[in-house]
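The values are calculated or read from the model by the stated rules, or taken from the named source; none is laboratory data. Keep in mind that what you see is a predicted model, and the values were worked out from it rather than measured. Note that we place each Cβ from the backbone using ideal geometry, even for glycine, and neighbour counts take in every protein chain shown.
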Amino acid sequence: MNIETLKVFKDLIDTQSFTKTAQINYISQSAVSQQIKNLELIFKTRLFIKRKNSFELTDVGKILYKGSNEIIDIYDKTVSRIKDNFDKEIKGEIRISSILSVGIYLLNRYIREFLSKYPLSKISLDYYEWDEVVNKVMEGETDFGFISCKNTKDINLTSLHIDDEEMVFVAPPSFNDFKKERIDISDISGAKLIFFEKNIPSRKFLEEILHKRDVRINVTMEMNNIETIKAAITSNAGFSILPYNCVEDDYNRNKLKVFKFNTPIYRPVYMVYNKRKKFSNSAGLFMNFILESKKNSKEEVLK
């Protein structure tokens, strides 16, 4: 048990939401569930009872919630004093805007690693649609934007390709038509697909690829975020093509079935920033960290 786990528990009770708690702590919803389970194993009892619209703390949960607040308050005040008096390198909050799927499943890994290296840093991460992310960067309301599939060509913005996400065919847990873990893209022709709405770049990106490979597209449902798509697949409403890192945990927990393509499809991810904006020390450190991470990833591939 550590402070991070206690903070997850506190945030869950404060927000009454697994989704919001995951976003606040830069982890997936399943990671929130796992940390709560770990706490309940430690104390050998339930910490709360889930009601229709709320979480009702048990007696042990009430004690732990009170203690968590006190521990986190002491920790935050201690970090603040150290930062104010000794750390001259970390100055300013890093403001980041991202599309939801990249923010939760890819960017959060970078943020956790950065905070591990620079624990006194403060990061604000907000989720928007593609156009809004780019606008936030253009207007100077955010330091960095993270988008996928489509690059921005605005002359005032710099766009760095930082990663590629492998796209996979995602099916309900009861689906048994495919006997192999790898399939040809032609195998999904005519399947009932659940896609993003038409204005979302990921939708256009996938449709272009499917058209080029002569796959018959049969979109039966449209949704605006990856979590609702996954929920619809789980309930046997259809299939989708999603980044593997977004469904890996669900696959490992047998909540979804995943099939990789024999000829892989990769979704590019970009970091965008305003070239005219002057960065704070901390924002500069974050950019260097992302660039170094990208360099290390390339070196790993070449080995």
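Miscellaneous remarks
- Hits in the range 24-52 - residues which are hydrophobic (A, V, I, L, M, F, W, C) and either in the same structural domain as Phe114 (by TED's automatic domain parsing) or outside any strand (DSSP E or B) (or both): Ile24, Ile27, Ala31, Val32, Ile36, Leu39, Leu41, Ile42, Phe43, Leu47
For every residue, the table says whether it meets (1) under 28 Å from Tyr127 (Cα atoms); (2) surrounded by 13 or more Cβ atoms within 10 Å (Cβ to Cβ); (3) basic (Lys, Arg).
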position	(1), (2), (3)
Lys180	no, no, yes
Ala191	no, yes, no
Leu206	yes, yes, no
Ile229	yes, yes, no
Thr234	yes, yes, no
Ile265	yes, yes, no
Val269	yes, yes, no
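- Taken as a whole, the structure places Lys198 among residues that are of a type in the set (D, E, K, R), assigned by TED's automatic domain parsing to the domain that holds Ala231, under 28 Å from the mean Cα position of the chain (by Cα) and at pLDDT below 95.
- All positions within the range 1-22 that are closer than 22 Å to Lys44 by Cα, modelled with pLDDT under 90 and among the aliphatic types (A, V, I, L, M): Met1, Ile3
- Residue list for the range 23-53, restricted to those being farther than 15 Å from Asp11 by Cβ and in contact with a strand residue (DSSP E or B) (Cβ under 9 Å, 6 or more places away or on another chain): Ile49, Lys50
- Members of the range 255-274 that are closer than 10 Å to Asp143 by Cα and either among the aromatic types (Phe, Trp, Tyr) or modelled with pLDDT under 90 (or both): Tyr273
- Within the range 124-143, residues that are under 17 Å from Phe286 (Cα atoms) sit with their Cβ atoms under 6 Å from residues that are hydroxyl-bearing (Ser, Thr, Tyr) and surrounded by 18 or more Cβ atoms within 10 Å (Cβ to Cβ), at 6+ positions apart or across chains, in these pairs: Asp126/Ser97; Thr142/Ser97.
- Annotation: Pro201 fulfils all but one of (1) within 17 Å of Lys277 (Cα to Cα); (2) touching a residue at least 12 places away in the same chain (Cβ under 8 Å); the unmet one is (1).
- Residue satisfying condition, being in contact (Cβ under 8 Å) with a residue 12 or more places away in the chain and of a type in the set (Lys, Arg), within set Lys37, Lys62, Lys10, Lys52: Lys10
- Sole residue being part of a helix (DSSP H, G or I), in contact (Cβ under 8 Å) with a residue 24 or more places away in the chain and surrounded by 13 or more Cβ atoms within 10 Å (Cβ to Cβ), chosen from Val247, Val219: Val247
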